[in-house]
Amino acid sequence: MAQHKVNYTQSGGLPVALTSIDKIVNWGRSNSIWALTYGLACCGIEMMASGASRYDFDRFGTIFRASPRQADVMIVAGTLTKKHAEFIKRLYDQMTEPRWVISMGSCANTGGMFNTYATVQGVDRVIPVDLYLPGCAPRPETLQYGVMLLQQKIRANKASRAQVAKRLM
Amino acid sequence: MAQIKNRLTPFFENITFDREDNEMILNFGPQHPSAHGQLRLILHLQQEEIVKAHPDIGYLHRGMEKMAENMIYNEFMPTTDRMDYIASSSNNYGFALAVEKLIGLEVPRRAKVIRMMLLEINRLMSHLFWLATTALDIGAMTIFLFAFREREYLMDILEGYCGARLTHAAIRIGGVPLDIQDSFITQLRVFLDKLPQNIKDYEDLLDSNRIWLMRMEEVGVISKEMALSWGCTGPMLRASGVKWDIRKEEPYELYDEVEFNVPWSDKGDNFARYRMYMEEMRESAKILYQTITMYQKCVKDGQTELMAHSPKYISAPKLDIMTQNYSLMQHFVLVTQGMRPPVGEVYIPTESPKGELGFYINSQGGPYPYRLKLRTPSFWHTGILTDLLPGHYIPDVVSIIGTTNIVFGEVDR
Amino acid sequence: MRVYKPKDNVQKKAYYSDRFFISPQVPKFDVESDEVFAKDLEAIKAKFEVKEAYIQVEQMVVFINPEDNFKVLELLKNDLEYTQLSEMSAIDWLADKQGFEIFYQMLSMNKRKRLRIKMFIKNGEAVNSVEKLFRSADWSEREMFDMFGIEANNHPFMKRILMPYDWKGHPLLKTYPLEGDEFAAWYEVDKIFGKEARDIIGPELRDTAKVDRYDSDRFVRLGHEVPKGTTITGNEPKVEQNYQEEDGVFLVKKLNKKDSVIVTDPQR
């Protein structure tokens, strides 16, 4: 665990900054990734732990929202079963664009150890996924690293151009 | 924004109004932040009052019983972790004990003490997690942060022991794989010494809190008959006036050697259950102090064995495998083909943090169980919502689900 | 010629069994050896036909006729203080005996005893529901119906509980493969996108041992990351992990690891 010193008023040269629209939009998007609480199974507990005291997700602007309409990223934490599959699709469709999906843990990536009749073999069969996190269950550090990678991905986008909707089919 | 094409017809909307008798049907879940997982409730409402509740489960059904029929016994051990993932070791233990009873093994004393430590740490973790999430559902964010802080310390200790935070697989059939690490007891002592003050902090915040009392007291009353009839166990049953703790009544491991009380209440409401969890945390701490003494006595007496000696079923210690030919052969057979327990069946209950966790194993002498039934407490604690919720109001649903302490890995298996 | 594989039990089988290996038995004891159980068995025997009874691993097992199940459980509950039905389910014996074995696991808190009532039903027969005696049987019987297809008479809501209502097949039957049948494999695709999407989405990858030759290139190597497309030698130097781009990020200062304090004692 590490403590970092951050001086917010000094760091970026506030209060006056000149920049492009791209940068400011991406700055806003990448630093306020609101996540949909999608705790399905064990990984959901680690997702809660990363939101709780020690790992404190709020530092990165990641706040868990219970409504898909307010969320930017869906962290699919846990096993997706065939019975549940239609609901994840429904909730994904309800999210506003731009939207991203993090598939957290082996079960969400590939079905993991549950190679059975009742488990969807990877959420990417149902919704498009941006980031796969390995582990069973991934540690909160992994999730934090994943969110940082997602921030990089968002910053690489052209914000001025309308985003093409990701499609499975 | 264009929606991705799909076939999902809007067959169920969240709320249906068009009933003549003014009855409203409300769909709750399956992905609701305070449903503790994937519980879907279909509630029939008259105004704000629930007249009929229909819990719909199975959204986390992963086919564990089927997996068990296709796995050798040791292979199934990590799968049990994912049942009650708040307290994984208690599932490992339940399964290990059932197989040990099936093949008639006696576990060395030192392993038993370590197992008891793991079990009680898991109980503490589970209860702290319960407190955190229930308090969060009711709106007490502070308690959530406090309880998670304590839980992380326990996770550090367990991580030092088995390397995993959540899914431990820390118990093997026939004993435990490792001795506890050097810092285990020091860390545990530091934690236990602070625990009473921590519990007192939670109680100071909650016990006299008007909102907490209003959401908890006289809400969700389960009568004794109802609890027995629905197969409730653990804190749910003890809060309804039945003093039944498997650790006390049918002692396994060394629970007959430690002193602890079984808290119980005859109120049966949410508040009684909340008190039950708080008192059980204190009792767990008491047991942990005693296990530390027992462990130190084991070290003093020179009991170093951690796995039972039974060449037919359990691999020999690593040193023997590396040096003796027969042990290596036996190990190879046990790993590739698996152990073949005797023909017979066994049902072994253990007291997991949620209640009675039982494993029914039917063995036909093969390396795979012929049938393995997981008796998980949460399954019936969810079922009782059918009878419990009618007569309550919508806000009570959240607090009742909270105090039943259900985990969906266990309910759906 | 293909090796014939029996279809009545498609579960995993031991690939090697010693022909001369005779499996030992878990010891069964006479019921007379335990006073409490002996009395209980007497009470059951007085009214019902008991096919077999013994004690195994400290619990009594009683075999009864399937049509008596409600009355036996009523007797146990009302007269013999077995107040809780801990568990009930079935065992599939279709391949060997053309039927199911159903067990009721009972608990008496006053006597501190556990007892198992077992009965055998033929394939296609239904059992009497004990839901009126023990509410817990409500869900257990639904689960049994879901998993085995055994129906319970007089049950108020005999529907699937764990699988979706439109599911086909009963998963815990020995004839049902672990990885599911054709219907199970395409269930979510058919339901969400329709059958015509099967070709686009493709079949499930069920082979856990399958290795894609691109996987090793694309797999994330924490701390040893390489750009996409480069050949991997295995001796990549450790890459300093950067959470930001090289030229920094707008308004956010780049992290300087030297300024960080590593906390060693989390309980400080």
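The values are calculated or read from the model by the stated rules, or taken from the named source; none is laboratory data. These numbers were taken from a predicted model, which means no experiment stands behind them. Backbone-built Cβ (ideal geometry, glycine too); neighbour counts: all protein chains shown.
A few comments on the model shown:
- Here B:Arg273 meets the list (1) more than 25 Å from B:Ala135 (Cβ to Cβ); (2) touching a helix residue (DSSP H, G or I) at 6+ places or on another chain (Cβ under 7 Å); (3) of a type in the set (Lys, Arg) almost entirely, failing just condition (1).
Table: residues versus (1) among the aromatic types (Phe, Trp, Tyr); (2) within 14 Å of chain B (Cβ to nearest Cβ); (3) surrounded by fewer than 12 Cβ atoms within 10 Å (Cβ to Cβ).
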| site | (1), (2), (3) |
| --- | --- |
| C:Val10 | no, yes, no |
| C:Pro24 | no, yes, no |
| C:Phe29 | yes, yes, no |
| C:Phe37 | yes, no, no |
| C:Val50 | no, no, no |
| C:Asn69 | no, no, no |
| C:Leu73 | no, yes, no |
| C:Ala95 | no, yes, no |
| C:Ile102 | no, yes, no |
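- Enumeration of residues in region B:383-401 that are within 14 Å of chain C (Cβ to nearest Cβ) and either part of a helix (DSSP H, G or I) or in contact with a Cys (Cβ under 6 Å, 6 or more places away or on another chain) (or both): B:Gly383, B:Leu385, B:Thr386, B:Asp387, B:Leu388
- Residue match in region B:239-259 (condition: crowded, with 19+ Cβ neighbours inside 10 Å, polar (S, T, N, Q) and over 23 Å from the mean Cα position of the chain (by Cα)): no
Here's the yes/no breakdown for (1) out of contact with any Lys or Arg (no Cβ under 8 Å at 6 or more places or on another chain); (2) modelled with pLDDT under 90; (3) in a helix (DSSP H, G or I); (4) more than 17 Å from B:Gly163 (Cα to Cα):
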position	(1), (2), (3), (4)
B:Phe76	yes, no, yes, yes
B:Ala98	yes, no, yes, yes
B:Leu118	yes, no, yes, no
B:Ser126	no, no, yes, yes
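- So B:Tyr347, is it under 30 Å from B:Met125 (Cα atoms) and either free of Cβ contacts under 8 Å to residues at least 60 places away in the same chain or within 11 Å of another protein chain (Cβ to nearest Cβ) (or both): yes
- Scanning region B:249-270 for residues that are free of Cβ contacts under 8 Å to residues at least 60 places away in the same chain and assigned to a helix (DSSP H, G or I) yields a single hit, B:Glu249.
- Hey, B:Leu26 closer than 17 Å to B:Gly402 by Cβ and either surrounded by fewer than 18 Cβ atoms within 10 Å (Cβ to Cβ) or more than 8 Å from every other protein chain (Cβ to nearest Cβ) (or both) or not: no
- Residue satisfying all of: in region B:308-338; among the polar types (S, T, N, Q) and out of contact with any helix residue (DSSP H, G or I) (no Cβ under 9 Å at 6 or more places or on another chain); nearest to the other protein chains (Cβ to nearest Cβ) among these: B:Gln337
- Unmet criterion (only one of (1) in contact (Cβ under 8 Å) with a residue 40 or more places away in the chain; (2) touching a helix residue (DSSP H, G or I) at 6+ places or on another chain (Cβ under 9 Å); (3) closer than 30 Å to C:Glu58 by Cα) for B:Ile246: (2)
- Scanning region B:350-373 for residues that are part of a strand (DSSP E or B) and within 7 Å of chain C (Cβ to nearest Cβ) yields B:Glu356, B:Gly358, B:Tyr360, B:Asn362, B:Arg371, B:Lys373.
- Residue selected from region A:120-130 under the condition at the interface with chain C (Cβ under 10 Å from one of its Cβ atoms) and more than 11 Å from A:Thr110 (Cβ to Cβ), by the criterion surrounded by the most Cβ atoms within 10 Å (Cβ to Cβ): A:Val126
- Condition met for B:Met236 (touching a residue at least 60 places away in the same chain (Cβ under 8 Å) and out of contact with any Gly (no Cβ under 7 Å at 6 or more places or on another chain)): no
- Candidates B:Leu131, B:Leu158, B:Leu118: the one that is within 19 Å of the chain's Cα centre (by Cα), surrounded by fewer than 24 Cβ atoms within 10 Å (Cβ to Cβ) and more than 11 Å from every other protein chain (Cβ to nearest Cβ) is B:Leu158.
- Filter pass, B:Pro341 being within 14 Å of chain C (Cβ to nearest Cβ), under 29 Å from the mean Cα position of the chain (by Cα), crowded, with 19+ Cβ neighbours inside 10 Å and not in a helix (DSSP H, G or I): yes
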